[in-house]
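Please read the structure below before turning to the comments.
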Amino acid sequence: GACRVSMSLAEIRAGFTAIKADIQSRDPIRTLSILSHPHSLHKVKSSDRCCIAHQLFTFYVDKVFKHCRTEDSFVNRKISSIANSFLSTRRKLGQCREQNNCTCGEESTEKFKQILANYEGLNVTSAAMKSLGELDILLDWMEKSR
Amino acid sequence: SGELYCSLPNPRNVHFESINMKNVLHWSAPEGTGDGVLYKVKYAVYGVGKWIRKPECGNINRTWCDLSSETSDYEEQYYASVKAFLNGACSDWMETTRFNPLTDTKIAPPMVSVSSTDRSISIILTTPEKWKRSPEEESVSLLQVYPGLRYNVSVLNKKTKKRWLFSISNNTLVVPWLEPGTAYCVSAQIRVTTPRLDSGFSK
């Protein structure tokens with residue numbers, strides 16, 4: 001059904017693995033994470049996962065990718081192919097959310113607000129590059145909770 | 001005490017080597033320093049604001065440090081760093097890249113046990129366990145860590161050199177219709193599709 005997005009995740013994972021070292025080396029801030037602190041995605045209740053996943057993919061599509069330009073054309077190509085995979089996956093997650101009437105519980109809504117606060121706490125380029133460098137945190141969570 | 005004057009060349013190639021999530025920090029000695037160099041090690045959980053010293057790896061002369069215990073939560077990611085000291089001088093702290101135990105570990109091959117009748121072979125595969133602090137600690141199979149884990153099994157007829165390859169998700173396989181009195185070589189590999197991790201083939 002629409003909630004099965006494993007093919008897209010594998011594509012995104014492959015694209016990210018190719019540029020992970022490059023992207024993470026552009027993020028000098030060790031002491032702050034957008035996705036994993038203070039709240040871990042792994043603590044999201046299973047009933048909220050569909051809704052939070054859709055919100056997170058929307059966050060990346062609307063806020064992150066557009067600010068992730070580099071001087072390296074290979075990296076840029078990988079970023080745009082990841083962004084395209086995100087667009088199609090977000091559409092599927094949106095359908096999944098509608099079909100299953102997924103709602104975000106209060107706790108998960110709070111987690112997502114914290115993620116946005118972490119993001120707004122940095123200048124936009126640093127925040128976007130850090131978020132991109134944390135894609136494996138998002139993918140690990142989504143694959144584990146399949 | 002105040003920081004020493006750091007003119008010593010830096011440790012090189014600071015990186016994690018990980019097998020079944022036994023995560024060991026390795027590095028090379030600073031260029032041209034010879035014997036007598038001592039090292040200190042610290043690590044940090046990515047996203048958490050402090051570096052933590054590893055006491056057991058303070059003032060050591062070896063060039064590795066086992067951080068498996070400190071990096072055992074594979075839902076977190078980590079950095080580690082090494083500093084060198086020699087004759088009152090020191091180097092800068094030299095860091096690893098971001099280490100994700102879940103995707104950056106290597107998986108050992110499965111254990112293969114084989115029994116046979118005159119015309120078939122029964123194969124049972126055992127997935128390695130995740131590293132654990134002590135034998136008393138509860139074992140975690142890598143099957144629990146990687147739900148999508150599968151196996152490739154190779155069966156080679158040593159006389160004809162004909163090889164069969166099977167891709168299975170459960171850990172048992174029966175290979176029928178074999179030639180009596182013939183030697184077969186069985187070998188198996190673990191495959192995780194996402195994140196993409198393949199073990200070598202078992203001996």
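What follows is calculated from the coordinates using simple rules that are stated; it is not laboratory data. Please read all numbers here as calculations on a predicted model, not as lab measurements. Here the Cβ positions follow ideal geometry from the backbone for every residue, glycine too, while neighbour counts run over all protein chains shown.
Quick notes on this one:
- B:SER141/A:SER88 FRET efficiency (R0 25 Å; Cβ-Cβ; nearest 0.05): 0.15
- Counting only other chain Cβ atoms within 10 Å of each residue's Cβ, the peptide A:129-136 averages 2.
- Here is how the number arises for chain B: DSSP H runs of 4 or more residues each give -39500 (n - 2.57), the sum is divided by the residue count, and the result at 222 nm is -500 deg cm²/dmol.
- Chain A shape via C-alpha gyration tensor axes, a/c threshold 1.5: oblate
- Measuring gaps between exposed loop sites in chain B (chymotrypsin sites (Phe, Trp or Tyr not before Pro); DSSP loop; at most 11 other Cβ atoms within 10 Å), the longest gap, sites not included, is B:6-176.
- Reducing the stretch B:178-203 and the stretch B:6-60 to their Cα centroids gives an inter-centroid distance of 36 Å.
- Most fluctuating residue given options A:LEU122, A:LEU56, A:LEU132, as computed from a GNM of chain A linking Cα atoms under 10 Å: A:LEU122
- For trypsin sites (Lys or Arg not before Pro), the sites in the stretch A:1-61 that DSSP calls loop and that have at most 13 other Cβ atoms within 10 Å are A:ARG4, A:LYS45.
- Computed 3J(HN,Hα) for the stretch B:75-89, one whole-Hz value per residue from the Karplus formula 6.51 cos²θ - 1.76 cosθ + 1.60 where θ = phi - 60°, is 8, 10, 10, 9, 10, 9, 8, 10, 10, 10, 9, 7, 6, x, 9, glycine and proline marked x.
- Subset of A:LYS78/B:LYS54; A:LYS20/A:LYS63; A:LYS92/A:LYS130 violating a 27 Å alpha-carbon distance limit: A:LYS78/B:LYS54
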